[in-house]
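Enquirer: First, the structure itself, so that you have it in front of you.
The values are calculated or read from the model by the stated rules, or taken from the named source; none is laboratory data. All of these numbers come straight from a predicted model, not from anything done at the bench. For neighbour counting, all protein chains shown are included, and Cβ atoms are generated from backbone atoms with ideal geometry for every residue, glycine included. Accessible surface is based on the protein model in full, side chains and every heavy atom, while ligands, DNA and RNA are left aside. Shrake-Rupley method; radii C 1.70, N 1.55, O 1.52, S 1.80 Å.
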Amino acid sequence: MKGAASRVPFAHLQAFLDQTHGQITIGEIPPIRRAVLAAEGKRVRVALLGHEGEKIGELLERLDTALRTVMADDSVIDEVLPEIKRRRSR
């Protein structure tokens with residue numbers, strides 16, 4: 001029971017906001033209908049595409065998982081820019 005009770009929802013998202021004073025943005029980035037971004041100032045750390053039929057809670061869970069990765073190894077995860085480039089090259 002302790003493990004379930006001590007699990008903080010979106011713990012990595014909370015840590016990102018607390019440690020970086022960054023911001024989370026959810027919305028449309030034309031031509032992308034739905035995306036979520038986690039950024040520190042102008043430096044995007046995570047940019048995820050919202051999948052067809054995906055609920056906001058599911059998208060935030062994916063963001064939380066991605067933030068765990070980028071905070072551990074100081075990397076970037078970007079699904080949005082490659083998708084925008086792909087759509088423009090059609």
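Enquirer: Considering only residues that are in contact with a Ser or Thr (Cβ under 9 Å, 6 or more places away or on another chain) and either in contact (Cβ under 8 Å) with a residue 24 or more places away in the chain or open to solvent by 90 Å² or more (accessible area, probe 1.4 Å) (or both), which ones fall in the stretch 60-74? Please lay out each step first, then the result.
Expert: Kept after step one, since they are in contact with a Ser or Thr (Cβ under 9 Å, 6 or more places away or on another chain), are these residues of the stretch 60-74: 69, 71.
Listed by number, the list holds a single entry, 71.
Enquirer: Could you figure out which of (1) part of a strand (DSSP E or B); (2) aliphatic (A, V, I, L, M); (3) farther than 14 Å from residue 81 by Cα isn't true of residue 48?
Expert: Residue 48 satisfies all of (1) part of a strand (DSSP E or B); (2) aliphatic (A, V, I, L, M); (3) farther than 14 Å from residue 81 by Cα except (3).
Enquirer: Taking residue 63 as meeting all but one of (1) under 24 Å from residue 87 (Cα atoms); (2) part of a helix (DSSP H, G or I); (3) touching a Lys or Arg at 6+ places or on another chain (Cβ under 7 Å); (4) not small (Gly, Ala, Ser), write down the number of the exception.
Expert: (3)
Enquirer: Return the total of residues in the stretch 16-31 being touching a Leu at 6+ places or on another chain (Cβ under 6 Å) and open to solvent by less than 50 Å² (accessible area, probe 1.4 Å). Before the answer, list the steps.
Expert: Here is the first cut: in the stretch 16-31, the ones touching a Leu at 6+ places or on another chain (Cβ under 6 Å) are 16, 25.
Narrowing the set further to residues that are open to solvent by less than 50 Å² (accessible area, probe 1.4 Å) leaves 16.
Number satisfying all stated conditions: 1.
Enquirer: Test residue 86 against the stated conditions and say whether it is within 15 Å of residue 32 (Cβ to Cβ), more than 11 Å from the chain's Cα centre (by Cα) and part of a loop (DSSP other than H, G, I, E, B).
Expert: On the way: within 15 Å of residue 32 (Cβ to Cβ): yes; more than 11 Å from the chain's Cα centre (by Cα): yes; part of a loop (DSSP other than H, G, I, E, B): no.
Criteria not met by residue 86.
Enquirer: Same structure, new question: Do we have residue 11 as within 17 Å of residue 82 (Cβ to Cβ), surrounded by 12 or more Cβ atoms within 10 Å (Cβ to Cβ) and of a type outside the set (S, T, N, Q) here?
Expert: On the way: within 17 Å of residue 82 (Cβ to Cβ): no; surrounded by 12 or more Cβ atoms within 10 Å (Cβ to Cβ): yes; of a type outside the set (S, T, N, Q): yes.
Criteria not met by residue 11.
Enquirer: Another question, then. Quick check on residue 55: is it within 20 Å of residue 9 (Cα to Cα) and either open to solvent by 30 Å² or more (accessible area, probe 1.4 Å) or not basic (Lys, Arg) (or both)? First the steps, then the outcome.
Expert: On the way: within 20 Å of residue 9 (Cα to Cα): yes; either open to solvent by 30 Å² or more (accessible area, probe 1.4 Å) or not basic (Lys, Arg) (or both): yes.
The answer is yes for residue 55.
Enquirer: Could you figure out which of (1) over 9 Å from the mean Cα position of the chain (by Cα); (2) within 26 Å of residue 88 (Cβ to Cβ) isn't true of residue 40?
Expert: Among (1) over 9 Å from the mean Cα position of the chain (by Cα); (2) within 26 Å of residue 88 (Cβ to Cβ), the lone unmet condition for residue 40 is (2).
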